[in-house]
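Everything below concerns the one structure shown next.
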Amino acid sequence: MNDEGALFEVRTPAPAPPPGTLAGAEADYVGAPLAVRMRPQSLDEIIGQQHLLREGTPLRQLVEQDQAMALVLWGPPGTGKTTLAYVVSRATKRHFVELSAVTAGVKDVRAVMDRARKELVRTGTGTVLFVDEVHRFSKTQQDALLPGVENRWVSLVAATTENPFFALISPLLSRSLLLTLEPLTDADIDQVLTRALEDERGLGGSVTLADEAREHLVRLAGGDARRVLTYLEAAANAAERRDDRTIDLPTAERAVDRAAIRYDRAGDQHYDVTSALIKSIRGSDADAALHYLARMVEAGEDPRFLARRLVILASEDIGLADPTALQTAVAAAQAVQLIGWPEAQITLAHAVITLALAPKSNSVVKAIAAAVSDVRAGLVGPVPPQLRDAHYAGAKHLGHGRSYAYAHDDPRGVVAQQYAPDVVMDKQYYEPGTRGAERDYADRYTRLKKIVRGE
């Protein structure tokens, strides 16, 4: 808290720091957590997010040309939002002020704006305002940011993990440049580990990381650089206590209290566990299905792959026995696209339990397979004349649609009429099941078939 009682931190820039470098003491603090010590000192040290860091991008201009602007950094945890803000703070010649949306109020925001305006008028020095978790600000608090952003009293850098189109007010969003940060790839996380192991700010070569342990930490990171550095530091400390210079897999497992899942996303384990998941749902064993889902979740399987498999299963193994199963699976797939890990595991579990407990029927699979088999065997007779397109000139002279019976003209909504070609007129592809809602479909199918065929 400063002398005015506001819950914010103000840092005056060090005299003439080299462009694009970190000038503070945090990176040199030996006792700081590994994730803090390894915080990049320049844009060139940032791993990932290359779409934001290329020459000529707005972020480069802000850092290298000291331009005033408002930025909203949107992305999942551990992707570098705070890091980008600190690189900006150390590189710019402006004052740097940090506000936490968790603790700051409207009074604090207005105090920052007033101080920034006075400093700009008095000395010509601008202010960079970093607001972490800006989505936690109320509408009133966000409104308080507008004068400073509008008049360029501050260069706003706001970080959020929530969709800014829902979390931020329109006036603030329209005055800001939205930069979307992507989850770090496994290759990015591997590079973060390598740098931390070798760099003097990190572990400085004091330990080595076995390949299996490295793969385990990368998998657990889930694209979060801060998380993987925290795990690495815990594992390194555990190895040091044992007077061992190598972090092996057992050490990594004990340090982070997470067992390594023997699962290869591109190999046999992937296909075996996927097969077990599907067969457990088909067999109506919800608990076994949840077990296999948990193994795939913990191994970092792509949630979109899991969702696609559930959509297929909903028609393949449940079908008309519970027509709502497909709706559930499709809704789960859409939700997974919106939220991703880790929350997506709840949605997937919801779908898995629902599908496992649903009545089962494979009549849809058998029906389309039988129809396709006949088509491949050449049973593709001409379309009956009354069903052919009669909208173009001359179609009526060919007899198209001449005797077509319009179903809506009948009180029952169905009429006696030949729909199938002669060669398959007597074929029955759909064999209704007797479980769940399909019992009703079976009765309806029989009644409609008799009317259509004039029986």
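Each Lys and Arg contributes +1 and each Asp and Glu -1, all at the Cβ; summed about the Cα centre of the chain, the dipole is approximately 1500 debye.
So how tilted is helix 286-298 from the main axis of the chain? Cα-based, degrees 0 to 90, rounded to 10. The angle comes out at about 40 degrees. When peptides 309-320, 169-180, 416-427 are sorted by average Cβ neighbour count within 10 Å, with the highest value leading, the order is 309-320, 169-180, 416-427. Do you know the relative contact order of the chain, to the nearest whole percent, from alpha carbon pairs under 8 angstrom that are 6+ apart? So the answer I get is 11 percent. Seen from all directions on average, region 95-198 presents a Cα convex hull projection of 8.4 nm².
The value obtained for the chain, namely the Cα convex hull volume divided by the number of residues, is 238 Å³ per residue. Taking only alpha carbon atoms, region 268-357 gives an Rg to Rh ratio of 0.93, where Rh is the Kirkwood radius. Can you find, among Ala167, Thr83, Val121, the residue farthest towards the positive end of the dipole of region 8-180? Put +1 on the C-beta of Lys and Arg, -1 on that of Asp and Glu. Positive-end residue among those listed: Val121.
Ranked by the mean number of other Cβ atoms within 10 Å per residue, highest first, peptides 279-285, 31-37, 228-234, 408-414 order as 228-234, 279-285, 31-37, 408-414.
Decide, for region 8-180, between rounded, prolate and oblate: order the square roots of the alpha carbon gyration tensor eigenvalues as a ≥ b ≥ c, take rounded if a/c falls under 1.5, and otherwise choose prolate if a/b is larger than b/c, else oblate. Judged from the Cα gyration tensor, region 8-180 comes out rounded (a/c under 1.5).
With the charge dipole of region 268-357 set up from +1 on Lys and Arg Cβ and -1 on Asp and Glu Cβ about the Cα centre, the Cα lying farthest toward the positive end among the listed residues Gln327, His291, Val273 is that of Gln327.
Across all Cα atoms of region 186-256, the radius of gyration (one decimal) and Dmax (whole number) stand at 10.6, 30 Å. The residue list Gln50, Val372, Thr230 was ranked by how far each Cα lies along the charge dipole of the chain toward its positive end, using unit charges on Cβ atoms, and Val372 comes out on top.
Shown for the chain: lysine pairs separated by 8 or more places, or found on different chains, whose C-alpha atoms are under 27 Å apart, numbering 18.
No lab work stands behind these numbers, since they all come straight from the coordinates. Nothing here was measured: the structure is a model prediction, and the numbers come from that model. Because the Cβ atoms are built from the backbone with ideal geometry, glycine has one as well, and the counts that use them run over all protein chains shown.
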